[in-house]
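A quick write-up on the structure given underneath.
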Amino acid sequence: MIRASERLSMVRPSGIRKMFDLAQGLPDVISLGIGQPDFKPPLHVIEAYKRALDEGYCGYSPNAGYLELRKAIAERYENKYGLTYDPETEICVTAGGSEAIYDVTQAFIDPGDEVLVPDPGFLYYDRDVYLAHGKPVYIPLKEENEFKIDPNDVAELITPKTKMMIINFPSNPTGSVMSRKELKAICEIIEDHDIILVSDEVYEEFVYDGHKHVCLAEIAPREKTIIVNSLSKTYAATGFRIAYILAEKELLLPILRIHQYVTANANSPAQIAAITALRGPQDAVKEMIAEFNARRKIIVSGLKSIKGFRVVEPKGAFYVFPNIKDFGMDGKEFSEYLLKEAKVAVVPGDEFGPSGKYYVRISYATSREKLREALRRMEEVLEKIE
Ligand SMILES: Cc1ncc(COP(=O)(O)O)c(C=O)c1O
């Protein structure tokens, strides 16, 4: 009998898929499970993609990506954060942030190495650590602390085996953000240890209420810091598969070796379109964020008005992570109940780590009308619960 590799037994399949397979079979379901903007990429970016195909960008690009794209990325970081990255040696373009996280973990983790990952957190982190034969160590992100990292928890969890820490603000699944001061406190804990800091900042543009995103490289020791970013969410271009890694040359070299053997290079015509996306007008991005902000307000006030939900107001990304314990169910039971009774699909919180057991993730990457209708349906069925 042919068996899958041993290491796959550590990587449980995503329950999100299961939930959405169930939802597919039901008519008239409103999905609040979506992890991608319901927008199209800006028109001028789509045109640039088409032009790139016409102009023959259909072959391999350099492993690290076209130099012109790496220059555009470097310009962006210089202009936005005052950070200087050498496009020749300090930037690698990857097939999505998903590949970036895989590359980074494969490049540095040895069997038994411990990696601090947020709990709840994006589900690729612990899976990718397992795939690298490492051990994920969960940093509990508590509701009472607005799902931010508590530096005391980090201090307690560090052992001589800790090799890496992955953080993600604005956060999937909680929508939480951290201020410069709060992030600095985390960096201070790490300072005296040989720990690589990986900051996944794919939601950097999705911040609200005047919050200003801080790139971790602005405050963390540069020689230990790896930044992951992606065009997927910012330009509503999840299918382009264009993301990038920023790190000092010494840190990037092992990552480049993995990247070369995983994908060789990211999608070539999409890289050309990415240059236009980064250097062109950003109006469409601003409009999209404004729309997400309006929806955030609708969903947050709607949930707060339904008795039983406990809601920490998200300040970033496009997710809310309400506590549903008062309904007398865990996140899985609650999601199944909502799907069956209200035809509303949400994601059970424990998909994002053990501490998400009594939560669900709600995405507001869907129209205001659908959000209002989903809230109406939820209220109707949840009122019946004693
Ligand atoms: C926190 C986070 N990081 C990375 C990714 C990966 O995105 P992509 O591979 O499309 O760049 C996602 C996608 O949902 C995400 O939520």
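Looking across region 348-386, the residues that are of a type in the set (Val, Ile, Thr) and either at pLDDT below 95 or under 26 Å from the mean Cα position of the chain (by Cα) (or both) come down to Val360, Ile362, Thr366, Ile385.
Within region 46-70, the set of residues being in contact with a strand residue (DSSP E or B) (Cβ under 9 Å, 6 or more places away or on another chain), in a helix (DSSP H, G or I) and not aliphatic (A, V, I, L, M) comprises Arg70 only.
Does Phe39 satisfy the criteria of being in a loop (DSSP other than H, G, I, E, B), within 16 Å of the ligand (Cβ to nearest atom) and under 26 Å from Glu369 (Cα atoms)? Yes; evaluated as a whole, the condition is true for this residue. Answer yes if at least one residue in region 13-33 is touching a strand residue (DSSP E or B) at 6+ places or on another chain (Cβ under 8 Å), among the aromatic types (Phe, Trp, Tyr) and not in a loop (DSSP other than H, G, I, E, B), and no otherwise. There is at least one residue in region 13-33 that is touching a strand residue (DSSP E or B) at 6+ places or on another chain (Cβ under 8 Å), among the aromatic types (Phe, Trp, Tyr) and not in a loop (DSSP other than H, G, I, E, B).
Restricting region 75-98 to residues that are among the aliphatic types (A, V, I, L, M) and within 16 Å of the ligand (Cβ to nearest atom) leaves a set whose member that is farthest from His213 (Cα to Cα) is Ala95. Would you check if Glu287 is over 30 Å from Ser61 (Cα atoms), outside any loop (DSSP other than H, G, I, E, B), in contact with a strand residue (DSSP E or B) (Cβ under 7 Å, 6 or more places away or on another chain) and of a type in the set (Asp, Glu)? Taking the combined requirement at face value, the residue does not satisfy it.
Yes or no: region 287-305 includes at least one residue that is without any contact (Cβ under 8 Å) to a residue 40 or more places away in the chain, within 17 Å of His44 (Cβ to Cβ) and either outside the structural domain of Glu78 (by TED's automatic domain parsing) or surrounded by 21 or more Cβ atoms within 10 Å (Cβ to Cβ) (or both). Yes - at least one qualifying residue is present in region 287-305. Selection of region 221-250 for residues being near the ligand (Cβ under 9 Å from one of its atoms) and either touching a strand residue (DSSP E or B) at 6+ places or on another chain (Cβ under 8 Å) or more than 25 Å from Gly35 (Cβ to Cβ) (or both) yields Val228, Asn229, Ser230, Leu231, Ser232, Ile242, Ala243.
The values are calculated or read from the model by the stated rules, or taken from the named source; none is laboratory data. Predicted, not measured: the structure shown is a model, and the values here were computed from it. Please note: Cβ atoms are built from the backbone with ideal geometry, for glycine as well, and neighbour counts cover all protein chains shown.
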